[in-house]
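I have placed the structure first, in the form of structure tokens, so that the comments after it can refer back to it.
What follows is calculated from the coordinates using simple rules that are stated; it is not laboratory data. These numbers were taken from a predicted model, which means no experiment stands behind them. Because the Cβ atoms are built from the backbone with ideal geometry, glycine has one as well, and the counts that use them run over all protein chains shown.
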């Protein structure tokens, strides 16, 4: 660009006092002459466009447009039409702006100055989009159904889990499912059974920590008539017999007493056992799935769990990440449980953006189980159709709910929560629409924004 001599000096027309005032404004202000030459811009305009005023003062708007400093130049439009104009546009650094220009006329009714002001509305539009996204998430449920079970599979972590489940469903090797309480370990175990070759046979579950040690052996392996005081005169089949040809889930296997660990190991090795008080060997064909929220490897090192049994159970390990580590799933689970509760109780509740933010920021120590219970509770107890922050349990409103509890840190920042919702909306749109222009029209944003966001989240159209 060739600088036009003399136009820098026109800044002297403006008094030092006015310049000081304009420079202190947070709104970007630009002053151009009637021929479209830049005379002056304030500091806010420098920041907004990420330019130095000394690099553009004295240049014509046509040249500045060609150099993509202004895209487009509102000054040129005002000079052409001879009237005030306002536009909403995106500048070269990706900020969304509202730019308003006003022409100043001389005594001959010719434009002598054009004053434009630019307001950065990027965050405002983001908030509007967040609200729309939240509404869409509540009204449109994305649910994956497999083998009679409902699973939300949006996060990469859970997609990997589901891929592994699909691979091992028809394999008889023992599986150890680990993860925090409430993450859905039992549901994953049932899914493995229902999608595998043993699905026509029983799926039996026993909580190893909920049954007294003196009764656990008889529950697992059964007993003969008169084996102990109070026993049935006909004896009783154990769960290994009940689950024959099917699957047996040993939930909270880390609570299994050491003597029973020995017997369980024997069953896994020999595929047979003897009932309590009996002498006859009983053959068994059971697929063993174990689940625990404890660190079995650490327990082995501490001598609290048999090493040989640990390796027998842990042939195929599956780890279920906590809810706070997979925000994409959190967003969809909120949608899913809200729809279920609305249908169950005949309600039409919706979650406000403010309440959604609190739900997304909460660490969910009880994971999916806690989330489902909270959503059901607020649907029942909220009198209005709109679920606001005041509808949530009181501990959601306390900023110190995680003090002194290292494991209860906030699950994500507001920005992370918004990005999780944004990513899910874009993934849904990419599956529905054929190109970025259609997506932009559907979501009411610029096509360039869609292109940038798809690249940011590594989303491909049609996937």
Points 7 angstrom from Cα along the Cβ direction at residue 26 and residue 62: gap in nanometres?
3.9
Could you give me D for region 338-378, from Stokes-Einstein at 10 °C and 1.306 mPa s, where the hydrodynamic radius is the Kirkwood radius over C-alpha pairs? Units µm² s⁻¹, please.
145
Order of 251, 55 from fewest to most other C-beta atoms within 10 Å?
55, 251
Rounded to a whole number, what is D in µm²/s for region 8-120 from Stokes-Einstein with the Kirkwood radius over alpha-carbon pairs (20 °C, 1.002 mPa s)?
153
With a point put 7 Å past each Cα toward its Cβ, work out how far residue 369 is from residue 225 in nm, to one decimal.
4.0
Fully extended, how many nm does the chain gain between residue 122 and residue 348 (0.36 nm per residue separation, minus their Cα-Cα distance)?
78.1 nm
Potential extension, residue 77-residue 234 segment - 0.36 nm per residue separation minus Cα distance:
46.9 nm
Stretch residue 274-residue 106 to full length: gain in nm at 0.36 nm per residue minus the Cα-Cα span?
49.8 nm
Quick calc: nm separation of the 7 Å Cα→Cβ label points for residue 35 and residue 434 -> 5.0
